Amino acid sequence: MRLLVVEDNRNLMANLFEYFEARGHQLDAAPDGVTGLHLAVTQAFDAIVLDWMLPRMEGPAVVAALREAGREVPVLMLTARDELPDKISGFRAGVDDYLTKPFDLAELEIRLETLVQRAQGRRRRRVLEVADLRLDLDTLEATREGRVLHLYPAGRKLLSVLMQASPAAVSRERLEHALWGDEPPDGDMLRSHVYELRRSVDGPFAAKLIQTLPRVGYRIAPPGPSAESADAD
């Protein structure tokens, strides 16, 4: 298994690495929630071992953000919290399994193997397509006419939201919430991100897919009669 361990206890981290690497597994580490989330959304792992109490971003918030980003990698939460309300909170955030501290390393390995086997059994390749544009929701790779598109994280998020809604329009408010939650930055930063996305998705190609609907928002759709009322930024 390729595992991501998000844990700020160095002694526990060392024990996990010693045990799992000796048994042939590959591990990557993150000492805080923000770093762990970044690794989880930019790299592929079979499973994630996640502490609850973490610097910068706690475990449940990491899982919730991971699920919001469309990543379904199994997550096992390590925590000293064994009360039912805590477990319910974690499961609602998107946790797949719980293991309370202290724990046996062999039990952790068995639980992770079970989670990975279940995920592999139900996993289907999830690919969005609009005309010749493709977005793999598992790898987050975007291609057009077979060419890989180089996108920033914000662009990948916008592209995912727009393609999942296609051919319907997506409001500016919904796109801003997808990027920044309830605290969008001052100024029209969304327009800048859409401009960069359009440069990657439409710039090198004759057919333009990203459409602006004045006073409404944006959409991705094949060019045609439905695009006549749309204009570009």
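The values are calculated or read from the model by the stated rules, or taken from the named source; none is laboratory data. Predicted model only: the values in this text are computed from it and were never measured. Positions of Cβ are backbone-derived with ideal geometry, glycine not excepted, and every protein chain shown enters the neighbour counts. With ligands, DNA and RNA removed, areas are computed over all heavy atoms of the protein, side chains included. Shrake-Rupley method; radii C 1.70, N 1.55, O 1.52, S 1.80 Å.
Look at region 185-214 and say how many of its residues are within 15 Å of S166 (Cβ to Cβ) and open to solvent by 60 Å² or more (accessible area, probe 1.4 Å).
Total meeting the criteria: 1.
I'm trying to understand the selection: among the residues of region 166-224, which are among the polar types (S, T, N, Q) and more than 22 Å from E68 (Cα to Cα)?
S192, S200, Q211, T212
What is the number of the single condition among (1) over 23 Å from R2 (Cβ atoms); (2) modelled with pLDDT of 90 or more; (3) open to solvent by 70 Å² or more (accessible area, probe 1.4 Å) that E107 does not meet?
The failed condition is (1).
Go through region 126-150 and report how many residues are in contact (Cβ under 8 Å) with a residue 24 or more places away in the chain and hydroxyl-bearing (S, T, Y).
Final tally of qualifying residues: 1.
Any idea which residue in region 12-35 is nearest to L112 (Cα to Cα), counting only those that are among the small types (G, A, S) and touching a Leu at 6+ places or on another chain (Cβ under 6 Å)?
Kept after step one, since they are among the small types (G, A, S), are these residues of region 12-35: 14, 22, 24, 29-30, 33.
Keeping just the survivors that are touching a Leu at 6+ places or on another chain (Cβ under 6 Å) gives 30, 33.
Values: A30: 18, G33: 20 Å.
Here the answer is A30.
Pick out, from region 1-113, the strands (runs of 3 or more DSSP E) lying fully within it that include 1 or more residues that are among the acidic types (D, E). Write out each step before concluding.
On the way: elements: 2-6, 26-30, 47-51, 75-79, 97-100.
Output list reads 26-30, 47-51, 97-100.
For residues that are part of a helix (DSSP H, G or I), farther than 16 Å from P222 by Cβ and either open to solvent by less than 30 Å² (accessible area, probe 1.4 Å) or out of contact with any Leu (no Cβ under 8 Å at 6 or more places or on another chain) (or both), tally how many sit in region 140-184.
Residues meeting the conditions: 12.
Here's the yes/no breakdown for (1) under 29 Å from L140 (Cα atoms); (2) open to solvent by 60 Å² or more (accessible area, probe 1.4 Å); (3) not assigned by the TED database to the domain that holds L151:
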position	(1), (2), (3)
L12	no, no, yes
F17	yes, no, yes
E21	yes, yes, yes
V49	yes, no, yes
P85	no, yes, yes
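Filter region 110-139 down to the residues that are modelled with pLDDT of 90 or more and over 30 Å from K208 (Cα atoms), then identify the one that is surrounded by the most Cβ atoms within 10 Å (Cβ to Cβ).
L112
Within region 26-41, can you find the residues that are more than 19 Å from P60 (Cα to Cα) and either open to solvent by 70 Å² or more (accessible area, probe 1.4 Å) or in contact (Cβ under 8 Å) with a residue 60 or more places away in the chain (or both)?
At the first step, the residues of region 26-41 found to be more than 19 Å from P60 (Cα to Cα) are 26-28.
Once the filter is applied, which keeps residues that are more than 19 Å from P60 (Cα to Cα) and either open to solvent by 70 Å² or more (accessible area, probe 1.4 Å) or in contact (Cβ under 8 Å) with a residue 60 or more places away in the chain (or both), region 26-41 yields only Q26.
Could you say which residue among R156, R191, R147, R198 is assigned by the TED database to the domain that holds L213 and modelled with pLDDT of 95 or more? Lay out the reasoning, then the answer.
Values: R156 fails: modelled with pLDDT of 95 or more; R191 fails: modelled with pLDDT of 95 or more; R147 fails: modelled with pLDDT of 95 or more.
Criteria check complete, one pass: R198.
Only one of (1) without any contact (Cβ under 8 Å) to a residue 12 or more places away in the chain; (2) closer than 24 Å to R10 by Cα is not met by F91, so which one is it?
With respect to (1) without any contact (Cβ under 8 Å) to a residue 12 or more places away in the chain; (2) closer than 24 Å to R10 by Cα, F91 is out only on (2).
Against the condition touching a Gly at 6+ places or on another chain (Cβ under 9 Å) and within 25 Å of R156 (Cα to Cα), how does A69 come out, does it pass?
Criteria not met by A69.
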